[in-house]
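Okay, so here's the structure we're looking at.
The values are calculated or read from the model by the stated rules, or taken from the named source; none is laboratory data. Keep in mind that this is a model prediction, so the values were computed, not measured. Backbone-built Cβ (ideal geometry, glycine too); neighbour counts: all protein chains shown.
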Amino acid sequence: MNKRIPEPLKALVEQLARLPGLGPKSAMRAAMALLKWPEAETRRLGRGIHDLRDNLHLCSRCGGLSSTDPCPVCADAERARDTLCLVTEWDSMLTLDEGGFYRGQYMILGGLLAPLDRMDAESLDTDRLVRRLEEGEIAELILALGATLEAENTATFIRQMVGKRFPTVRVSRLAQGIPLGAEVKYMDKETLRQSLQYRQDLK
Ligand SMILES: [Zn+2]
């Protein structure tokens, strides 16, 4: 970065540049735009970022983001308690739930097996899933991890782990009409509805 850029601006640009989709150049543009904002608005933005930490929690049941614990989905007594849908990230859960065709429980895995990125079986957080299955309520586990290579490997790993420890739990996954490489959060509602309806047992 140019040496003549004042330190506070430089610090902000460096932080903004860490956001997805923002390189150093667009971070600089964003910082320049912020400088033109009225002071009250920049303060509100700063407070908003600060409040994220203070007022947003991880739901202890599903691992999703929420202002309450448990989150509204896990706290909903109307939802089926014997079906658990495992998704990779929280936004996949949002996409799935928006459709309104799935009325069971969710859990967020938080990552996929990716040996090249040093994500191995140990760094995958399966403890929450194991604890949930140990409660004995779940009869079917639906894997909605997507159709990428990492998702396939992770699905196989989970299938084996659950098969060994909880042999009575049915493990299924979304039907394979999903285009290869698709991530659940980017799927359209109808594709999702159908792939859930025609989900397949994972042997
Ligand atoms: Zn929850």
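Would you mind telling me which numbered condition in (1) more than 15 Å from the ligand (Cβ to nearest atom); (2) under 20 Å from A155 (Cβ atoms); (3) at pLDDT 95 or above T83 fails? All conditions are met except number (1).
Every residue, every condition in (1) assigned to a helix (DSSP H, G or I); (2) touching a residue at least 40 places away in the same chain (Cβ under 8 Å); (3) closer than 30 Å to R170 by Cα, yes or no:
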position: E14; (1), (2), (3): yes, no, no
position: L22; (1), (2), (3): no, no, no
position: S26; (1), (2), (3): yes, no, no
position: A30; (1), (2), (3): yes, no, no
position: L35; (1), (2), (3): yes, no, no
position: R44; (1), (2), (3): yes, no, no
position: D54; (1), (2), (3): yes, no, no
position: D69; (1), (2), (3): no, no, yes
position: R81; (1), (2), (3): no, yes, yes
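So, S67, is that one touching a Leu at 6+ places or on another chain (Cβ under 7 Å) and closer than 29 Å to L109 by Cβ or not? Taking the combined requirement at face value, the residue satisfies it. G181 falls short on exactly one of the conditions (1) closer than 27 Å to D120 by Cβ; (2) over 20 Å from the mean Cα position of the chain (by Cα); (3) of a type outside the set (K, R); (4) at pLDDT below 80, and that condition is (2).
Pick out the one residue from E89, E78 that is more than 10 Å from the ligand (Cβ to nearest atom), touching a Leu at 6+ places or on another chain (Cβ under 9 Å) and assigned by TED's automatic domain parsing to the domain that holds V184.
Working: E78 fails: touching a Leu at 6+ places or on another chain (Cβ under 9 Å).
Exactly one residue qualifies, and that residue is E89.
Against the test of being surrounded by 13 or more Cβ atoms within 10 Å (Cβ to Cβ), under 18 Å from K189 (Cβ atoms) and without any contact (Cβ under 8 Å) to a residue 60 or more places away in the chain, the options M107, M93 yield a single qualifying residue, M93.
Scanning region 115-151 for residues that are buried (at least 18 other Cβ atoms within 10 Å of the Cβ) and part of a helix (DSSP H, G or I) gives L129, R132, L133, E150, A151.
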